[in-house]
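We did not get these values from a lab; they are worked out from the coordinates using the rules stated. Model, not experiment: these values are computed from the prediction. Here the Cβ is made from the backbone with ideal geometry for all residues, glycine too, and neighbour counts use every protein chain on show.
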Amino acid sequence: MTDEELKQLIGSLAVSQQELAFAQKATDRQIKELGKQIGGLGEKFGSFTEAMAYPSMRKVLTEVFGMDNIAPRYQVRKQNETLELDVFAYHNGPDPKVMIVEVKSHLREEHFDQMYKLLSKAKRFFPEHADKKFYGTLAVVDAPEELKERARSLGFYYAEIHDNVFTLKIPQGFQARAF
């Protein structure tokens, strides 16, 4: 191979490396955009599930628990921290209580920790309700039987969907945990 041929080969390799780097940057941008789109779809599906659950949960909260104040997609800020709840409900009469409902399309183990965190923060975010008992409810579209049982064993109410309606599943002897 001559010096000239070697220079041409090195030159073409340098161009190929530049083209490869440019193509990699374009691919990285496309992957990032795709990630945003997938995240947006997940958020929209979550909002859809919450909207689907709200009418049924409002009925359950009113008829079963006597809640007279119910709000979907409730958000409260204290200093620099925000607490977001799928459904927030409370009752001021005899046996005053607060119900926090989290809606999930697929129940997973980490949702129990999420519910504990919400309930542990709630009295600080709602000092006007500090005298009430706080309860957690998981309204779920799909869950394995062992996670349904785990939810109950942790003292959370559990609601599931059937024929497009969420119904509360309270087994005999179940004792909800007040927070």
*If you go through the stretch 131-156 one residue at a time, how many are touching a Lys or Arg at 6+ places or on another chain (Cβ under 9 Å) and without any contact (Cβ under 8 Å) to a residue 24 or more places away in the chain?*
2
*Which of the strands (runs of 3 or more DSSP E) contained wholly in the stretch 61-161 include at least 2 residues that are crowded, with 21+ Cβ neighbours inside 10 Å?*
81-91, 97-106, 133-142
*asked:* Could you tell me how many of the residues in the stretch 162-172 are outside any strand (DSSP E or B) and in contact (Cβ under 8 Å) with a residue 60 or more places away in the chain?
replied: 1
*Is it the case that GLU109 is closer than 22 Å to GLU145 by Cα, in contact with a Lys or Arg (Cβ under 9 Å, 6 or more places away or on another chain) and not basic (Lys, Arg)?*
yes
